[in-house]
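Inspection log for the structure reproduced underneath, given as structure tokens.
The values are calculated or read from the model by the stated rules, or taken from the named source; none is laboratory data. In this text, all values refer to a predicted model and were calculated from it rather than measured experimentally. No Cβ is skipped: glycine too gets one built from the backbone with ideal geometry, and neighbour counts run over all protein chains shown. Side chains included, ligands, DNA and RNA excluded: accessible areas come from the protein's heavy atoms. Shrake-Rupley method; radii C 1.70, N 1.55, O 1.52, S 1.80 Å.
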Amino acid sequence: MKFRHLISELKRRNVYQVGVAYVLSSWIILQVASIILPAFEAPTQVMKTILILLLIGFPLVLAFSWIYELTPEGLKKTEKVELGQSITLKTGRKLNRLLISVLVIAIVLLSIDRFRINRGLQAASQAIENVKISPIPKSIREKKVAVMIFENNTNSDELEIFGKMISDWLTNGLMEISEGKVIGFANIEQNMQLAGAGNTTSQAFAEATSAEVMIQGRYYLQEDNLLVHTNIVDATTGALIFSLNPVSGSRDDTQIILDELTQRILGYWALNDKKMFAKKAPKYDAYQIATEAHNKYWYIDYPKAVEDLNRAYRTDTTYINPLIKMAFAYYNMGQPAKVDSMIKLIRKKNIKLSQREDLRLLAIEHVRNGNRMEAAQIHEKMFSIDSTDEAANYNAGNNFLASNHPQKAINILGSFNQQFFSNENKLRNREGVLATAHYSLGNYQKVCEIANTYNFPVVPNRLSHAHLKALLHLDSLDRINHYLNYYSKRGLNNFQLRNHRLSICVEAKKTGKIEFLKQSLEDLKEFNDEAKLPTIPFILGLMSYLSNDFDIALKYSEQALEEKSDQNGIFSFWGMTGSYAAMAGDTLKAMDMIDSIHQRKEILINGFENYLQYGFPDYEEARIRTNLGQKERAVDLLARAINQGKVIIDFNGSFKSDPFLFSLSDYPPFNELIKPKD
């Protein structure tokens with residue numbers, strides 16, 4: 001009985017009518033807002049706010065209609081209105097008439113909206129069909145093609161990245177079959193203000209990129225269906241070359257839409273060759289996650305990048321790109337075993353790779369195996385295919401430098417158009433490699449020029465390191481302390497600054513600047529005390545060596561050796577301790593360190609450890625042999641280490657900057673071994 005009474009009261013108090021009227025009125029408000037707000041370029045947050053307010057208002061309106069009643073005297077609480085005085089029946093009839101009016105308005109708006117969408121889409125399709133299509137040039141595949149980011153006309157933030165996904169996937173496909181060069185606009189959209197470039201910006205874009213042909217398009221939502229229009233345009237004149245029939249499908253099936261669009265574009269491009277792109281597009285969610293991971297990767301947040309890449313791969317296990325990117329991230333994190341596991345997993349899946357994927361995988365395999373020159377050439381090929389691929393350009397330069405081809409590094413890095421850099425961090429990495437390459441060639445003035453024209457707030461560690469040492473070689477000693485203070489304000493932490501000061505001391509010893517070395521050592525001690533940095537035996541030992549206190553250096557090195565855990569990295573501590581022992585005249589101790597290296601080396605060989613591939617055991621033995629006066633044997637070991645993947649020029653400098661190889665600086669076979677190969 002209570003339930004029946006509640007239902008009758010809801011009817012009597014007109015709660016039903018009020019609720020229905022509110023819902024219809026809210027729908028009309030939203031429809032009007034969806035038309036008006038875009039005209040004023042209002043942010044999407046405004047629409048969301050209106051929707052939230054309307055949702056909040058619904059229960060409040062229902063409660064209000066239950067609690068209050070409209071009477072001739074105004075609003076009164078229902079419980080205080082006598083049944084004989086109640087006019088809810090009359091109010092209900094008014095509400096019914098209001099409902100009919102609102103319903104008519106809703107039907108009219110719905111019809112107008114549907115007509116507007118259909119007319120808009122038909123007009124767009126008709127416009128494409130009515131455009132005079134230029135004859136398809138036979139040489140189109142030989143031209144430089146720019147694949148633009150498709151314009152989002154769906155009013156949906158969720159589908160915003162789909163335009164970039166189309167560009168990225170078409171670029172992949174064109175790399176497979178096109179004889180011409182391809183520009184992936186997804187690589188450059190952040191720095192060129194030409195997103196959605198049409199005829200009004202095509203000439204500016206063509207001038208900036210040397211592109212001759214553009215693939216551009218836009219996509220719409222028609223209810224739950226995506227509709228994609230695509231044009232192929234002459235970039236220099238803006239004239240339409242060809243227009244594809246629209247591709248459509250459910251918004252939940254972006255893979256199918258993207259696959260069909262890709263095959264149509266590539267089918268047109270291949271013409272009589274009938275070459276097709278066999279790769280399937282990734283799931284939209286997987287692509288979104290991988291894009292987020294890519295941004296974290298370039299900002300050196302490798303652990304979080306790996307976490308997102310794992311998520312992207314789990315979302316779509318046929319999507320290989322996350323695995324390849326993970327292999328690079330693990331390499332940069334110093335985890336070679338995980339690099340191997342990624343490569344093995346990719347190969348085991350036996351999935352057909354696109355040309356870009358195949359090249360990237362080959363590159364990381366070569367880097368992993370210490371074949372830096374081969375890796376550089378692969379990245380150079382990728383850059384030749386897409387001249388806006390900043391990652392390929394940087395990796396080619398970095399690997400050329402690592403393989404002792406600094407001039408090749410300078411040439412390829414210098415060939416990249418800087419307006420295509422998508423973020424500061426990528427440009428920062430490039431400037432660091434450029435400065436190191438010029439430093440290794442003795443172009444000290446050029447290093448200073450790069451440092452002085454670098455305008456971003458945070459200075460890369462590699463650039464500042466090369467700059468400070470270049471100032472020493474130019475005898476600008478009074479400027480070194482100035483720039484140390486300057487770089488402390490430009491993002492370098494105290495540990496990096498201490499390492500820079502230590503490198504300056506090492507270079508001062510090598511160049512014979514004894515008085516400057518003494519002052520720099522005093523400054524280093526003072527800096528270490530003021531910054532309250534921990535006293536590390538390794539650093540104290542090196543400072544003692546720089547002061548020619550070899551016995552003290554040996555004691556500190558032995559202390560560091562005792563503190564070092566039993567890991568592969570212990571090779572460098574054996575090399576350092578053996579070198580100090582040789583300098584101090586303790587030949588027996590030096591030979592003991594060589595024996596330790598040999599014993600560990602045998603264990604690693606039997607255990608198939610990856611650490612041997614980079615030549616560290618032979619390199620550390622060479623350092624000891626150098627200080628024992630066995631120069632010929634030392635150079636033979638260094639040559640073997642290089643063949644195993646030891647990098648001559650790395651982040652901290654080169655063989656020439658190694659204090660334990662200084663006595664080889666006047667030995668011709670050593671200089672022949674390490675001279676640039678350009």
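Which residues, counting only those in the stretch 238-250, are within 16 Å of Asn153 (Cα to Cα) and open to solvent by 40 Å² or more (accessible area, probe 1.4 Å)?
Step one: of the stretch 238-250, the residues within 16 Å of Asn153 (Cα to Cα) are 246-250.
Once the filter is applied, which keeps residues that are within 16 Å of Asn153 (Cα to Cα) and open to solvent by 40 Å² or more (accessible area, probe 1.4 Å), the stretch 238-250 yields Pro246, Ser248.
Against the definition (open to solvent by 10 Å² or more (accessible area, probe 1.4 Å), under 18 Å from the mean Cα position of the chain (by Cα) and either at pLDDT below 85 or not β-branched (Val, Ile, Thr) (or both)), how does Tyr299 come out, yes or no? Let's see the steps before the verdict.
Values: open to solvent by 10 Å² or more (accessible area, probe 1.4 Å): yes; under 18 Å from the mean Cα position of the chain (by Cα): yes; either at pLDDT below 85 or not β-branched (Val, Ile, Thr) (or both): yes.
Answer is yes for this residue.
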- What residue, among those in the stretch 342-360 that are over 17 Å from the mean Cα position of the chain (by Cα) and within 23 Å of Val182 (Cα to Cα), is least open to solvent (accessible area, probe 1.4 Å)? Ser354
- Would you point out which residue out of Ser415, Ser503 is touching a strand residue (DSSP E or B) at 6+ places or on another chain (Cβ under 8 Å), among the polar types (S, T, N, Q) and either more than 30 Å from His294 (Cα to Cα) or surrounded by fewer than 20 Cβ atoms within 10 Å (Cβ to Cβ) (or both)? Ser503
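Does Leu468 satisfy the criteria of being touching a helix residue (DSSP H, G or I) at 6+ places or on another chain (Cβ under 7 Å), more than 26 Å from Phe383 (Cα to Cα) and open to solvent by less than 10 Å² (accessible area, probe 1.4 Å)? Step through it out loud before you land on a result.
On the way: touching a helix residue (DSSP H, G or I) at 6+ places or on another chain (Cβ under 7 Å): yes; more than 26 Å from Phe383 (Cα to Cα): yes; open to solvent by less than 10 Å² (accessible area, probe 1.4 Å): yes.
When the stated conditions are applied, Leu468 passes them.
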- Message: Condition (residue is over 33 Å from the mean Cα position of the chain (by Cα), closer than 18 Å to Met373 by Cα and open to solvent by less than 30 Å² (accessible area, probe 1.4 Å)) applied to the stretch 659-672: is it met by at least one residue?
- Response: no
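Do we have Asn481 as out of contact with any Asp or Glu (no Cβ under 9 Å at 6 or more places or on another chain) and open to solvent by 10 Å² or more (accessible area, probe 1.4 Å) here? Can you show your working first?
Details: out of contact with any Asp or Glu (no Cβ under 9 Å at 6 or more places or on another chain): no; open to solvent by 10 Å² or more (accessible area, probe 1.4 Å): yes.
Judged against the criteria, Asn481 is not a match.
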- Query: Residue check: is Ser488 of a type in the set (Gly, Ala, Ser) and crowded, with 20+ Cβ neighbours inside 10 Å?
  - Reply: no
- Tell me, yes or no, whether the stretch 229-237 has at least one residue that is at pLDDT 80 or above, part of a strand (DSSP E or B) and open to solvent by 10 Å² or more (accessible area, probe 1.4 Å). yes
